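Here is the structure we will look at, set down as structure tokens.
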């Protein structure tokens, strides 16, 4: 538990083949069901503080207990920490995320005051903002602050409830970007 941000709520993995990753996590590790969006519909994006081309992202979410697992496959070459991580170290865990409903700006300011820089940030659809932060002393520890407004909190709660009740059937649930 972080004294500043609460518990880590999510671990995000960058992958080259999200279909293969979902099949592995559900089939070999028993984590699911996966809620998959082929294009999450990012509507705003900055890379190192400057407006940037928007990455086309496929994302899958599932929970293992209280911890959400996120799989991310970027499908274009827009600058992002996702591609930076893939180039630097290949597939694997890329970030941990803290969630907040009302303290997004406060959490961002705390990270900036501690020497972190905004690596990339934006908004997906009409949901709350997200920001990924890196520190020059520990560049492998990317921290995401995710705002749980605009329906995102309810959606993440839905994913958890479905994961808690999952019996192993229907491991991949495909959604459109509007959800």
Q) In degrees from 0 to 90, rounded to the nearest 10, what is the angle of the helix 104-113 Cα long axis to the longest principal axis of the chain? A) 50
(Q) Please report the projected area of the chain's Cα convex hull averaged over all directions, in nm². (A) 9.7
Q: Rounded to the nearest 10 degrees, what's the angle between the helix 152-164 long axis and the longest principal axis of the chain, both from Cα atoms, 0 to 90?
A: 40
Q. Relative to the longest principal axis of the chain, what angle (0 to 90°, nearest 10) does the C-alpha long axis of helix 18-27 take?
A. 60
Q.
With n ≥ 4 as the cut-off for DSSP H runs, can you work out [θ] at 222 nm for the chain, using -39500 (n - 2.57) per run divided by the number of residues, rounded to the nearest 500?
A. -7000 deg cm²/dmol
(Q) Per-residue counts of other Cβ atoms within 10 Å, averaged by peptide: what ranking do you get for 108-119, 5-16, highest first? (A) 5-16, 108-119
Q: For the range 1-154, give the share of DSSP beta bridges that are antiparallel, in percent and rounded to the nearest 5; count only bridges with both residues there.
A: 75
Q | Relative contact order (percent, whole number), the chain, Cα cutoff 8 Å, 6+ residue spacing | A | 30
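Values in this text are rule-based calculations from the coordinates and carry no lab data. Worth saying up front: this structure is predicted, and the values here are computed from it rather than measured. Glycine also receives a Cβ, built like all others from the backbone with ideal geometry; neighbour counts cover every protein chain displayed.
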